[in-house]
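The values are calculated or read from the model by the stated rules, or taken from the named source; none is laboratory data. Model, not experiment: these values are computed from the prediction. Every residue, glycine as well, gets a Cβ built from its backbone with ideal geometry; the counts of neighbours run over all protein chains shown.
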Amino acid sequence: MKKEIIISGFGGQGGLAIGKNLAEAGMAEGLNVTWAPSYGPEMRGGTANCSVVLSDKPVGSPVFAHPTELIALNEPSLAKFEAGVLPGGIVFVNSDVVTDKVQRPDLTAYYVPCSQIAEEVGNSKVSNMVMLGAYVAATGILKPETIEKMIEEMFAGPKAKFIPLNIEAFRRGMACVQ
């Protein structure tokens, strides 16, 4: 088993955090992982993406040309990366931001209303956790409880008040694709 994932969007949408969570959860489950972030000079609003590899075998390189999955948080990301996804791959689209549809019939597409669900749970900043939930539910590569444990560790100490909100967003994202 080997998943090569591109997560891409505007800076500030939490795409790099999705990737980091996937990598850390993969390590916690005994997988071999890489996480390689890439972003422009802008802290917020510029293009940001990361590459994540989750594998049950050693990973030779964090660089790959054709992902098995794409998480597109904005329109430019879908336009840039869709063509490179392997046939039979999966594309996750933030349907509240991206109006285009996946064009290739050989890909499975999930349209996740990340912003809408984040607002429903009480905070627009958790839209990335919604997408993370959708990815975990659709691929089955990681256990939901492992991700929830990562969320609890990420928001330790004074940030602990954000744990229930993020877990709820994650679970609502999972429900979108089940």
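Key figures for this structure:
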| item | result |
| --- | --- |
| Neighbours by Cβ (under 6 Å, 6+ apart or cross-chain): first from segment 145-157, touching a residue at least 24 places away in the same chain (Cβ under 8 Å); second surrounded by 17 or more Cβ atoms within 10 Å (Cβ to Cβ) | Thr146/Ala25; Ile147/Ala25; Ile147/Val136; Met150/Asn21; Met150/Glu24; Met150/Ala25; Ile151/Asn166; Ile151/Ile167 |
| Number of positions in segment 64-110 that are surrounded by 17 or more Cβ atoms within 10 Å (Cβ to Cβ) and within 29 Å of Leu165 (Cβ to Cβ) | 19 |
| Helices (runs of 4 or more DSSP H) (entirely within segment 29-142) containing at least 2 residues that are farther than 18 Å from Gly9 by Cα | 114-121, 127-139 |
| Residue that is modelled with the lowest pLDDT [pool: residues in segment 100-134 that are among the acidic types (Asp, Glu) and within 19 Å of Val85 (Cα to Cα)] | Asp100 |
| Segment 137-153, subset among the aliphatic types (A, V, I, L, M) and under 15 Å from Met27 (Cα atoms), residue surrounded by the most Cβ atoms within 10 Å (Cβ to Cβ) | Ile147 |
| Pair list, Cβ under 6 Å, 6 or more apart: segment 1-22 residue touching a residue at least 40 places away in the same chain (Cβ under 8 Å) and under 21 Å from Val85 (Cα atoms), other residue crowded, with 18+ Cβ neighbours inside 10 Å and of a type in the set (Asp, Glu) | Ile5/Glu69 |
| Cross-chain or 6+ apart pairs with Cβ under 6 Å, segment 90-115 first and without any contact (Cβ under 8 Å) to a residue 12 or more places away in the chain, then crowded, with 17+ Cβ neighbours inside 10 Å | none |
